[in-house]
Amino acid sequence: MLPAFHGWRMVIAGSALQFLQAGLIQQAFGAYVAVLSAERGWSKTSLSGAAALMSVETALIGPVLGWAIDRFGPQRLIRSGVLLFGAGLVALGTIDSLPGFYAAVALIALGSSLCGYFPLNVAIIHWFERRRARALSSMGLGLALGDTFVPVVASSIVAFGWRPTAIASGAAAIAIGWPLARVFRGPPEALGQTVDGLPPDAPGARGGAGEDDGPAEFTARQALRTRAFWLLSAGHGFALLVVTAVNVHAITHMKESLGYTVAEASLVITLMTAAQVAGVAAGMTFGDRVDKRRVSAGCMLMHALGLLSLTFATGPAMLVAFALLHGTAWGLRGPFMQAIRADYFGRRSIGMILGLSAVVVALGQVGGPMVAGAFADLTGDYRSGFTILALAAALGSITFLVASPPPRPVDSGA
């Protein structure tokens, strides 16, 4: 009798870790921005800079982190990341100045880089091939459900203050995250298992990457020479222009420009989460049977239309349209980003390939909040900035459409 496939246990643990990060800070960051802007008088551009710092840090350490994951495996990094992430949240609850805020955010960002989306995805990619989109989408469910915790964080900030909320969040992140981080292991062959949990003698069962009858296995250098690497990275970056801008500024926009309270705006984020969960569920259902890049191109148009609905909302109906369009697109497209790269480039150097991609993708992560915040400070509202980002996302759909699979490298074992 075959032992239970450990890959699915890692998917569950990864989903829970992403829930913690999304719920406690990533999606709730907008609530902290709204409160700190009002209480401290810090400009939206300054607060947006903290969000940009997260992306810059990820870009700076991306190649090194990718090398470390390929060399040592993701499990040790994930454990260290949980401790740093929790410590950063505790530090956030003690800050008294803008530089202190930046320092706390930098620590949170480092922890998130080590135990978040990047290493978790690499860990899962090594365990799945035929069911890769399903596995990554299943893990992405935690990121989507993390949005449901935003009203809890927002309510805690209102009831108890942002300091106790941040400190309690940090303690919870360590207490819950540490046991989850210990679930992660090296490649399946280290536990005597195979990719996808197939019996060793089953057709298609593979004990390691790089076999002649398996998918192409690119080195990082070979991947960099392909057009697909740059197009996928650019498309991912265009998508994050919208995602990060919404995460940082949507609540403030609904509060200041549309006249909603923070709690009411958080309910819109909750509806967006429900749509995001539906998108993730769709990816789990058919993600391994569709052309992921064409689906991603369609999702880019949904991101653009959703952001325009938020920008020019005249009532609840347009906010609902924003939540449904943006949330569904995010949930469906998000897990596909790494699945497409693994499909195109294989598992051999996927950590380094994703790390190098992060440098390009970070431009979108940084640009989204900064463009929106800067235009809001200049014009007094978010309309100009959000409109520019929506149009950029719409144009970004083209990058996915033309990102066809690269030809197999001449010597995939080089």
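The values are calculated or read from the model by the stated rules, or taken from the named source; none is laboratory data. It should be emphasised that the depicted structure is a prediction, and the values quoted were computed from it without experimental measurement. Here Cβ is always computed from backbone atoms with ideal geometry, including for glycine, and neighbour counts include all displayed protein chains.
Pick out the one residue from Ala323, Ala339 that is more than 21 Å from Ser233 (Cα to Cα), among the small types (Gly, Ala, Ser), surrounded by 22 or more Cβ atoms within 10 Å (Cβ to Cβ) and under 18 Å from the mean Cα position of the chain (by Cα).
Details: Ala339 fails: more than 21 Å from Ser233 (Cα to Cα).
After applying the criteria, what remains is Ala323.
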Quiz item: Can you pull out the residues in segment 73-101 that are more than 12 Å from Phe184 (Cβ to Cβ), assigned to a helix (DSSP H, G or I) and out of contact with any helix residue (DSSP H, G or I) (no Cβ under 7 Å at 6 or more places or on another chain)?
Solution: Pro99, Gly100
Quiz item: Across segment 249-280, what is the number of residues that are within 13 Å of Gly146 (Cα to Cα) and not hydrophobic (A, V, I, L, M, F, W, C)?
Solution: 4
Quiz item: Give me the pairs: first residue in segment 178-193 and free of Cβ contacts under 8 Å to residues at least 60 places away in the same chain, second residue among the aliphatic types (A, V, I, L, M), beta-carbon distance under 9 Å, and six or more apart or on different chains, which are they?
Solution: Pro179/Ala13; Glu189/Val195
Self-check item: Check on Gly23, assigned to a helix (DSSP H, G or I), farther than 27 Å from Val152 by Cβ, touching a Phe, Trp or Tyr at 6+ places or on another chain (Cβ under 7 Å) and at pLDDT 85 or above
Solution: no
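I'd like to know if segment 285-296 contains one or more residues that are within 16 Å of Ala28 (Cα to Cα) and surrounded by fewer than 23 Cβ atoms within 10 Å (Cβ to Cβ). Spell out the reasoning first.
Here is the first cut: in segment 285-296, the ones within 16 Å of Ala28 (Cα to Cα) are none.
Among the residues of segment 285-296, not one is within 16 Å of Ala28 (Cα to Cα) and surrounded by fewer than 23 Cβ atoms within 10 Å (Cβ to Cβ), which makes the answer no.
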Self-check item: Unmet criterion (only one of (1) farther than 21 Å from Thr165 by Cβ; (2) surrounded by fewer than 22 Cβ atoms within 10 Å (Cβ to Cβ)) for Leu120
Solution: (2)
Practice problem: Could you tell me whether any residue of segment 68-85 is basic (Lys, Arg), within 30 Å of Ala282 (Cβ to Cβ) and touching a residue at least 40 places away in the same chain (Cβ under 8 Å)? | Solution: no
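Of the residues Gly161, Gly186, Gly197, Gly192, only one is closer than 28 Å to Leu92 by Cα, at pLDDT 80 or above and not charged (D, E, K, R); which? Don't jump to the end; show me each part of the working.
Values: Gly186 fails: closer than 28 Å to Leu92 by Cα; Gly197 fails: closer than 28 Å to Leu92 by Cα; Gly192 fails: closer than 28 Å to Leu92 by Cα.
Within the list Gly161, Gly186, Gly197, Gly192, the selection yields Gly161.
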Practice problem: Hey, can you tell me all the residues within segment 26-47 that are surrounded by fewer than 18 Cβ atoms within 10 Å (Cβ to Cβ), touching a residue at least 60 places away in the same chain (Cβ under 8 Å) and not in a helix (DSSP H, G or I)? | Solution: Ser43
Exercise. Kindly indicate the residue of segment 142-152 that is out of contact with any Phe, Trp or Tyr (no Cβ under 7 Å at 6 or more places or on another chain) and surrounded by fewer than 24 Cβ atoms within 10 Å (Cβ to Cβ) and also modelled with the highest pLDDT among those meeting that condition.
Key: Val152
Practice problem: Kindly provide the set of residues from segment 86-106 that are surrounded by 20 or more Cβ atoms within 10 Å (Cβ to Cβ) and within 21 Å of Gln365 (Cβ to Cβ), ordered by number. | Solution: Gly88, Leu89, Leu92, Phe101, Ala104, Val105
Practice problem: Identify the residue in segment 394-414 that is surrounded by 15 or more Cβ atoms within 10 Å (Cβ to Cβ) and of a type in the set (S, T, N, Q) and, among all such residues, is modelled with the lowest pLDDT. | Solution: Ser412
Exercise. Hey, could you check segment 362-379 for residues that are surrounded by fewer than 20 Cβ atoms within 10 Å (Cβ to Cβ) and not aliphatic (A, V, I, L, M) and say which is nearest to Tyr117 (Cα to Cα)?
Key: Asp377
Self-check item: Count of segment 254-267 residues which are at pLDDT 90 or above and either among the β-branched types (Val, Ile, Thr) or surrounded by 24 or more Cβ atoms within 10 Å (Cβ to Cβ) (or both)
Solution: 1
Self-check item: Filter result for Met302 (part of a helix (DSSP H, G or I) and either modelled with pLDDT of 95 or more or surrounded by fewer than 24 Cβ atoms within 10 Å (Cβ to Cβ) (or both))
Solution: yes
Practice problem: Please verify whether segment 348-361 includes one or more residues that are farther than 15 Å from Ala245 by Cα, surrounded by 20 or more Cβ atoms within 10 Å (Cβ to Cβ), of a type in the set (Val, Ile, Thr) and modelled with pLDDT of 90 or more. | Solution: yes
Quiz item: Could you say whether any residue in segment 48-62 is surrounded by fewer than 23 Cβ atoms within 10 Å (Cβ to Cβ), at pLDDT 90 or above and within 29 Å of Thr270 (Cα to Cα)?
Solution: no
